[in-house]
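Read the structure below first, then the notes.
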Amino acid sequence: MSGDTLFTKYDINGLTLRNRFAVAPMTRVSATADGLATERMARYYERFARGGFGLVITEGLYSDQAHAQGYLHQPGLSDAAQAVAWKPVVEAVRQHGARIVAQLMHAGALSQGNRFRSTSVGPSAIRPKGEQMAFYRGRGPYPAPVEITEEQIADAVEGFAASAARAVTTSGFDGVEIHGANGYLLDQFLTDHTNRRTDRWGGDTRRRMELTLAIFSAVRERIGAAVPVGVRISQGKVNDFSHRWAGRETDAEAIFGALGDAGADYIHVTEHEAWRPAFEGGDTSLVALARRYAPAIAIIANGGLHDLSRATEVISQGADVVSLGKGALSNSDLPIRAREGLALEAFDPAILGPVANVKDRELAA
């Protein structure tokens with residue numbers, strides 16, 4: 001498939017994107033202490049729209065005022081004030097012809113900064129691997145979570161649904177992405193070694209998908225069928241980068257097939273290098289597996305795709321849209337540069353240090 005495909009329009013459940021370039025969700029911890037989006041954030045997101053991206057996906061927004069918040073200065077959509085604060089951001093993006101989707105997340109056991117609670121929850125009381133991330137203001141090992149109760153699960157589901165409604169009706173977002181990836185709560189339920197439950201939320205891979213599916217159903221019911229709803233899925237986690245699904249392709253079939261059957265409008269697949277085989281000794285990427293087992297829905301691919309040859313490769317493997325993280329941070333006008341054949345700036349890791357908040361030099365570019 002030609003690289004020209006990247007510059008063609010694409011439709012996700014009635015939402016028309018001007019091209020196949022999306023900005024991936026990236027945690028930038030730049031909100032106010034009480035989770036309000038700021039004018040600085042509006043300028044940050046606007047740059048990508050002005051730079052030619054067809055779709056912008058926000059950083060993860062915490063979905064309730066109990067255990068969802070993961071980081072200090074993380075923005076939320078957990079109340080009316082937070083929803084109103086996002087309106088100028090949405091308007092700034094849309095005025096340049098891009099579309100914007102709100103990613104909703106619950107940090108679960110990986111919470112390292114929550115102004116509402118001093119403890120974290122997870123599917124089971126198992127301490128997460130690794131250390132908290134310093135560039136998100138964390139320090140030391142993750143504490144062991146408390147096993148989440150049935151009542152707290154119901155509250156978390158309602159938090160996603162209510163936040164999705166605020167995103168659409170108050171903030172004006174074009175769609176919603178449910179964060180089921182990267183080691184956060186929904187991924188903790190999906191992962192065998194962090195979910196040891198024996199109730200309806202535990203068991204085999206399909207049963208460990210139940211919370212993600214329950215949240216998807218609640219969000220869909222709350223905002224209706226006309227608004228795009230996607231789900232982000234990964235193998236690796238922010239605290240366990242090399243994790244791979246134990247069931248390999250059997251797990252991929254269960255996970256992607258369940259999302260396809262549920263009626264997700266898109267699956268956002270993220271890997272370190274999206275074009276590579278998903279499993280050691282295999283020859284099929286996670287993107288291709290998502291396409292195989294969810295053939296009727298849109299696939300967004302993420303992972304090292306600022307190289308247009310790699311982006312074109314994953315399009316040929318079954319992706320419909322490519323999302324860029326570091327490539328977008330270093331080239332907020334990447335689609336324009338790509339169209340004009342201009343060289344790309346290399347990513348400078350210093351932009352995310354010592355804290356990963358939005359820097360003055362980004363806004364000046």
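The table that follows gives values for the structure above.
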read-out	value
Filter result for A311 (of a type outside the set (V, I, T) and in contact with a Ser or Thr (Cβ under 7 Å, 6 or more places away or on another chain))	no
Filtered residues of the stretch 94-131 (kept if in a loop (DSSP other than H, G, I, E, B) and within 10 Å of Y71 (Cα to Cα))	A107, S111, Q112, G113, N114, R115
For P88: the one exception among (1) closer than 22 Å to G224 by Cα; (2) free of Cβ contacts under 8 Å to residues at least 60 places away in the same chain	(1)
Sole residue being open to solvent by 20 Å² or more (accessible area, probe 1.4 Å) and over 17 Å from I299 (Cα atoms), chosen from I223, I215	I223
Matching residues in the stretch 188-199 - criterion: being in contact (Cβ under 8 Å) with a residue 60 or more places away in the chain and surrounded by 15 or more Cβ atoms within 10 Å (Cβ to Cβ)	Q188, F189, L190, T194, N195, R197
Any hit, the stretch 200-211, residues being surrounded by 23 or more Cβ atoms within 10 Å (Cβ to Cβ) and under 18 Å from the mean Cα position of the chain (by Cα)	yes
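The values are calculated or read from the model by the stated rules, or taken from the named source; none is laboratory data. Quantities reported herein were computed from a predicted structural model and do not represent experimental measurements. Cβ sites come from the backbone with ideal geometry, for glycine too, and all protein chains shown count toward neighbours. The accessibility values were calculated without ligands, DNA or RNA, using every heavy atom of the protein model including side chains. Shrake-Rupley method; radii C 1.70, N 1.55, O 1.52, S 1.80 Å.
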